[in-house]
Every structure is written in C-alpha cells, then in structure tokens.
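The values are calculated or read from the model by the stated rules, or taken from the named source; none is laboratory data. If you're wondering where the values come from, they're calculated on a predicted model, not measured in any experiment. Quick reminder, even Gly has a Cβ in these numbers, built from the backbone with ideal geometry, and neighbours come from all protein chains shown. Side chains are part of the model used for accessible areas, which takes the heavy atoms of the whole protein and leaves out ligands, DNA and RNA. Shrake-Rupley method; radii C 1.70, N 1.55, O 1.52, S 1.80 Å.
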Amino acid sequence: MSQLPTLADAVARHARLTPDKLGARDSRRRLSFADWHRRAHCLGAALRGLGLVKGDRVAVIAYNCLEWMEIYVGMARAGLVIVPLNFRLTAAEIAYILAHAEVGAIIAGNEFCATIDSIRDQSPRLAARRIAIGDAPPEGWQGYEALIASADPGFVFDAVRGEDTCALMYTSGTTGRPKGAIRSHGGSTLIALATALEMGFGQDDTALLVMPLCHANSLYFGTTFVHLGATCIIDDRRGFDPEALLRTLAEDRVTFTSLVPTHYIMMLGLPDAVRRRYDLSAVGKLMISSAPARQETKRGILALFPNGKLHELYGSTEAGWVTLLRPDEQIAKLGSVGREWAGSGAIRLLDAERREVPDGEVGELFSRTAYVFDGYWKSPEKTAEAFDGEWCSVGDMARRDEDGFIWLVDRKSNMIISGGENVYPSEVEATLGAHPKVRDVAVVGVPHEKWGEAVQAVVVLHARQTATEQELRDWCRARLAGFKCPSAIAFVDEHQIPRNATGKVLHRELRKQFAPAVS
C-alpha cells in the first residue's frame with residue numbers, strides 16, 4: 001500500500017506550492033504555510049532534542065490557540081504521539097491520564113502550569129520536560145518560543161509511516177476511567193480525505209474552528225483543511241461570544257464552521273438588529289453535532305445563514321465519522337443522525353448474540369470505517385469489547401428505519417451530552433456515592449434548552465443523615481470537571497429509584513420521571 005501523507009507532509013507540500021498563503025491564524029498571530037512548516041519542524045526537532053524518541057507521548061493542555069496547530073504538525077514531523085488534554089479536567093483526572101499514557105513531556109498554557117506542578121510527583125518523567133505557552137513561563141518551565149528558537153534546523157527525523165500512532169485521544173468510560181483511543185497517521189489522513197469528499201471542501205475554503213482543539217471535532221475538521229491547503233481560523237476566546245462569532249464569520253468570509261446546538265441557540269437569541277449587522281452570505285456549509293437539536297433551532301439556523309447548507313454528523317473518537325444527515329433531510333428526518341457517508345463502509349445493528357436486528361428494532365450500532373482507531377492504549381479487554389471482527393462499536397444503541405436512516409436510542413450506555421461535552425453517569429455516580437452521607441445515587445441527563453442536556457442526580461441518603469444540594473455539588477466540583485457536576489440534585493427514598501430484577505438502575509425510567517419529553 002502506498003504511503004499516505006501525514007499532516008506534516010501536507011504542510012510541507014503547501015509550504016512549497018503556496019508558501020505565502022495564510023494557513024492558520026488566531027486573534028494574536030498569523031501563519032503562512034511556509035512559517036507553519038518552519039516552526040513545526042523546529043518544534044519537533046527541539047522536542048526530540050530533549051531526549052524524546054519516536055513513539056514517546058507528549059501531553060498538551062491549553063485553551064484554543066494557534067500553538068495547537070503548530071503542535072499537531074510538529075508532533076507528526078517528529079513521530080511523537082500527542083495526548084490532548086481537555087482543559088476542563090481536574091488535577092486528579094489529568095494525573096491519571098499522564099500516568100496511564102506514560103507521558104514524557106507536557107506543553108501547557110501558562111494558566112495550567114500550577115495544576116501540572118501540583119501533580120508532578122505522580123509523573124516523574126515530566127520534571128525536565130515542561131514547556132509553557134505564553135509570556136514569562138513559571139519557574140522550572142521552559143518557554144514555548146524559547147524551545148522553538150533552540151532547535152537544530154538540520155535535525156533529521158525518523159521516517160513516519162501511516163500505521164504509526166499520531167495521537168492518544170482519551171475518552172471517558174462507563175467505569176469512570178478514561179480510555180486512550182489510539183489514532184494512526186493513516187487513519188487521520190483518510191478521515192480528512194473522506195470529509196473533503198463528502199462535504200465538497202476545497203483549497204479556497206476558510207474554516208472557523210470553535211470547538212476545543214483537544215476534541216476530535218476540531219481535530220478532524222482542522223486536519224481536513226490542512227490537507228487541502230485551505231485556511232483555518234482558531235476561535236481563541238475563553239468564553240463563547242455569539243456576536244463576536246458572527247463578526248468573525250462575516251469579516252473573514254468564513255465558508256464553514258462546526259458548532260453544537262448551544263452555540264446556535266445563543267446566536268439565535270441575539271436581537272434581530274444585532275444579527276442583521278453581519279453579512280453571513282459567505283457561509284456555505286454548517287455542521288451541527290454532539291447533541292440533539294430541536295426543529296425550531298434548525299429552522300432558525302437556515303434563516304440566519306441564507307446560503308448555509310446544514311449538516312449533522314454522528315461519529316466517535318474511535319470510529320471517526322459514521323453517518324451524515326444531509327441538508328435536504330434536516331426537517332423530514334428530524335431526530336435521525338442520517339445514513340452512512342463517504343468514509344463509512346456499512347452499519348450493522350446487532351442484538352446481544354451478535355445477530356442483526358430487522359429494521360425498526362433496537363440493536364447495538366457497529367460500523368466499519370476506513371479510519372477506525374487501533375484499539376485502546378494498554379487495554380486489550382476494552383479493545384476486544386469494542387470490536388466484532390472489523391466492526392467497531394462504542395456502545396450506542398440505535399434503530400434503522402425503512403429508508404435506511406439511523407436513530408440513536410441510548411447514547412453510550414446512557415451518556416449525557418451537555419454543551420457538547422460527554423458526561424458518563426457512572427463517573428458522577430461513583431463520585432457522589434463516595435460522599436459519607438450518600439447511600440445510593442443515580443444520574444441521568446435531562447433536556448436543557450441551552451445546553452442540550454443537563455446532569456440530574458437522584459440521591460438516597462443514609463438513615464438520619466441530612467444534606468443540601470450545594471453541599472453535594474461542592475463535593476463533586478472538588479473531584480470532577482465542572483461540566484460533569486450535577487446541575488440539580490433530588491433527594492428520594494430508595495424505592496423511588498427504579499431497578500430491574502437484578503438490581504440494575506433503569507436509567508430510562510428514571511429519565512422519564514425527571515425529563516418530560518421535549519420536542
């Protein structure tokens with residue numbers, strides 16, 4: 001099989017062909033493809049100069065910034081494996097990933113250096129390899145710019161092949177421990193090519209990347225635009241500003257962006273006079289994903305963007321993109337996640353005995369994609385659970401209608417998606433259950449007009465114990481990322497938590513009690 005170009009190969013090619021073209025920018029800096037190639041090469045060389053070897057893991061934690069784009073490419077050049085960390089994670093959650101991935105270096109925004117220092121004793125290899133993004137790096141940290149400046153520009157890298165690992169993308173698991181999904185360079189390129197083919201992107205497009213660059217969404221779309229030699233704009237605002245987003249879309253003549261329903265709802269909530277200030281005619285393609293969207297939201301999006309064609313994706317970090325709901329299907333098949341797309345070979349819905357279920361019945365969704373992940377890092381058991389031969393599942397239950405459209409029934413063992421972030425009830429349940437006053441707990445997602453879903457906890461206290469919602473929320477906030485913490489806590493008697501004959505909580509029944517249907 002011929003060697004597929006890596007992300008670094010793509011930037012090097014554009015540096016030769018269109019050296020002065022804008023490759024990427026944020027609010028602070030701009031990168032031509034020539035500068036991007038040079039800086040990424042120097043970053044990779046400098047990291048290797050620290051004693052790292054091909055295949056070593058390097059963690060990155062930062063808010064959205066242009067440095068992410070340099071780091072992804074520099075890592076690919078050097079044959080190093082990036083471990084993107086969600087900036088919303090707590091110190092304990094970060095410490096687990098750093099230890100599990102056996103990380104040998106970390107690049108962190110200045111804002112996160114103190115957190116990393118607080119857990120440094122749990123990852124001794126990090127002591128000499130801590131790089132800070134920003135002015136005036138803290139004591140013991142090397143500055144990112146100083147590191148690049150120290151590089152040997154003539155450094156010769158090992159060959160990087162398509163089967164080599166480019167990233168460990170950690171995803172939450174139903175056991176409460178995150179799993180490191182192994183992504184290869186070849187898979188990264190294939191998903192980029194499939195995205196370009198299905199979506200019709202080209203080198204004249206401009207993408208606005210709003211979702212966190214530690215997430216698969218921005219990584220997969222950003223990679224696509226890099227391979228094409230198109231332009232990526234990084235939204236590096238710390239909080240989402242709907243009017244500022246409209247301004248960027250208009251002033252930069254952005255042709256594509258991918259957002260979660262919450263983002264669209266906030267834009268639609270702006271006064272008409274504000275929305276009319278901006279010429280959004282250049283936006284030709286829009287993506288909505290990560291949470292269910294209501295009909296009025298979709299109709300509002302189509303009205304706001306006169307030339308925008310709305311798409312809705314379903315996929316996972318592990319399988320990549322699996323299905324697509326296309327523009328002409330948005331209202332007619334509202335609630336569906338669409339049908340197979342260019343990079344997805346087929347979908348099978350299987351029962352517990354791995355037999356295909358007929359249309360209309362619920363089964364576990366298995367997909368066969370050209371860019372499927374290579375298993376979970378140091379977890380052969382979880383890897384075996386995820387595969388049935390060449391077919392991959394992340395535990396989603398779904399049904400297929402007579403037209404071939406897929407409808408998700410239960411996402412990833414009752415996973416909650418709040419503001420585009422994945423929350424697993426079991427992780428929140430384990431945290432609340434460790435409180436000395438809590439006897440039993442169940443957690444479900446309930447509809448939320450702004451965030452898509454909110455985290456609802458149902459708690460049974462030990463006899464003669466009392467507690468307040470705030471007390472338990474504070475307990476969670478000290479141990480979990482903020483988006484995982486319950487927004488509401490109900491105190492009930494034990495019999496009010498529905499269970500099956502084996503004692504398993506019936507999350508679906510509990511959700512009905514606390515989440516009336518939302519159209």
The one condition in (1) modelled with pLDDT of 95 or more; (2) open to solvent by 10 Å² or more (accessible area, probe 1.4 Å) that residue 131 fails to fulfil:
(2)
Inside region 435-477, can you point out the residues that are under 21 Å from residue 93 (Cα atoms) and either acidic (Asp, Glu) or not in a strand (DSSP E or B) (or both)?
435, 472, 473, 474, 475, 476, 477
Considering every residue within region 87-97, establish whether at least one is modelled with pLDDT under 95, open to solvent by less than 10 Å² (accessible area, probe 1.4 Å) and more than 17 Å from the chain's Cα centre (by Cα).
yes
Looking at the structure I just gave you, is residue 455 over 23 Å from residue 86 (Cβ atoms), free of Cβ contacts under 8 Å to residues at least 40 places away in the same chain, touching a strand residue (DSSP E or B) at 6+ places or on another chain (Cβ under 8 Å) and not acidic (Asp, Glu)?
no
Any chance you could count how many residues in region 311-327 are surrounded by fewer than 23 Cβ atoms within 10 Å (Cβ to Cβ) and among the charged types (D, E, K, R)?
1
Restricting attention to region 134-146, report how many residues are open to solvent by less than 50 Å² (accessible area, probe 1.4 Å) and in contact (Cβ under 8 Å) with a residue 24 or more places away in the chain.
4
Output the number of residues of region 343-377 satisfying the condition of being on the phi < 0 side of the Ramachandran plot and either surrounded by 19 or more Cβ atoms within 10 Å (Cβ to Cβ) or within 21 Å of the chain's Cα centre (by Cα) (or both).
18
Could you look through region 1-43, keep only residues that are polar (S, T, N, Q) and outside any strand (DSSP E or B), and pick out the one that is surrounded by the fewest Cβ atoms within 10 Å (Cβ to Cβ)?
2
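Conditions tested, residue by residue: (1) farther than 18 Å from residue 477 by Cβ; (2) under 21 Å from the mean Cα position of the chain (by Cα); (3) polar (S, T, N, Q).
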site	(1), (2), (3)
381	yes, no, no
386	yes, yes, no
391	yes, no, no
394	yes, yes, no
398	yes, no, no
415	yes, yes, no
418	no, yes, yes
425	no, yes, no
429	no, no, no
Only one of (1) crowded, with 21+ Cβ neighbours inside 10 Å; (2) assigned to a loop (DSSP other than H, G, I, E, B) does not apply to residue 163, and that is (1)
Only one of (1) at pLDDT 95 or above; (2) touching an Asp or Glu at 6+ places or on another chain (Cβ under 6 Å) fails for residue 342. Which number is that?
(1)
On the basis of being of a type in the set (Lys, Arg), over 14 Å from residue 10 (Cβ atoms) and surrounded by fewer than 20 Cβ atoms within 10 Å (Cβ to Cβ), does residue 48 make the cut?
no
Name the residue that is farthest from residue 36 (Cα to Cα), counting only residues in region 150-160 that are surrounded by 14 or more Cβ atoms within 10 Å (Cβ to Cβ) and of a type in the set (A, V, I, L, M, F, W, C).
160
Which listed residue is under 15 Å from residue 141 (Cβ atoms) and either at pLDDT below 95 or not in a loop (DSSP other than H, G, I, E, B) (or both), from 46, 76
46
Is there a residue being more than 23 Å from residue 97 (Cα to Cα), open to solvent by less than 70 Å² (accessible area, probe 1.4 Å) and either in contact with a helix residue (DSSP H, G or I) (Cβ under 8 Å, 6 or more places away or on another chain) or at pLDDT 95 or above (or both) anywhere in region 107-123?
no
The condition of being farther than 30 Å from residue 102 by Cβ and surrounded by fewer than 19 Cβ atoms within 10 Å (Cβ to Cβ) holds, among 295, 330, only for 295
Out of region 256-279, which residues are open to solvent by 10 Å² or more (accessible area, probe 1.4 Å), free of Cβ contacts under 8 Å to residues at least 40 places away in the same chain and aliphatic (A, V, I, L, M)?
268, 270, 273, 274
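Residue-by-condition table, conditions (1) open to solvent by 20 Å² or more (accessible area, probe 1.4 Å); (2) within 20 Å of residue 37 (Cα to Cα):
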| site | (1), (2) |
| --- | --- |
| 148 | no, yes |
| 177 | yes, no |
| 182 | yes, no |
| 185 | no, yes |
| 188 | yes, yes |
| 191 | no, no |
| 223 | no, yes |
Give me the pairs: first residue in region 437-449 and open to solvent by less than 20 Å² (accessible area, probe 1.4 Å), second residue basic (Lys, Arg) and at pLDDT below 90, beta-carbon distance under 6 Å, and six or more apart or on different chains, which are they?
444/511
Six or more apart or on different chains, Cβ under 7 Å: which pairs go from a residue in region 465-489 that's on the phi > 0 side of the Ramachandran plot to one that's modelled with pLDDT under 95 and in a loop (DSSP other than H, G, I, E, B)? Could you list them?
none
Residues of region 326-352 being touching a helix residue (DSSP H, G or I) at 6+ places or on another chain (Cβ under 6 Å), of a type in the set (A, V, I, L, M) and farther than 14 Å from residue 310 by Cα, in sequence order, are 342
Does residue 481 satisfy being hydrophobic (A, V, I, L, M, F, W, C) and crowded, with 22+ Cβ neighbours inside 10 Å?
no
